[in-house]
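Every read-out reported here was derived from the displayed coordinates using simple, explicitly stated rules and does not represent laboratory data. Since the model is a prediction, treat every value here as computed from it, not as a measurement. Positions of Cβ are generated from backbone atoms using ideal geometry, with glycine treated the same way; all protein chains shown enter the neighbour counts.
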Amino acid sequence: MKKEYKACKICKRLTPENICPVHGEEKAKEDWFGFLIINNINSTIANKANVSEPGIYAIKVRS
Ligand SMILES: [Zn+2]
């Protein structure tokens, strides 16, 4: 994962954009660690990460 990706500090979604597509007004942060690829939102890991849509999510985002 390249570091041009930014993570939303609310939903932790990783995006190449400067803002989260869901939380538009919140700036996405460059300061994040690790990532999860969620393909199946019914999986245990998606549940643990509290994710409701498939996608790529940061494990940790510094605020
Ligand atoms: Zn978001």
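Before moving on, here are some points about what is shown:
- Taking the C-alpha atoms of the chain, convex hull volume expressed per residue in Å³: 72
- Among 18-29, 42-53, the order from most to least packed when residues are scored by Cβ within 10 Å on average: 18-29, 42-53
- Per-residue Karplus couplings for region 30-44, computed as 6.51 cos²θ - 1.76 cosθ + 1.60 with θ equal to phi - 60°, are listed in order as 7, 8, 9, 10, x, 8, 10, 9, 9, 9, 10, 6, 8, 6, 4 Hz, Gly and Pro entered as x.
- Dipole magnitude (debye, nearest 20) for the chain, charges at Cβ of Lys, Arg, Asp, Glu: 240
- Nonlocal amide H pairs with residue 35, under 5 Å, H built at 1.01 Å: 59
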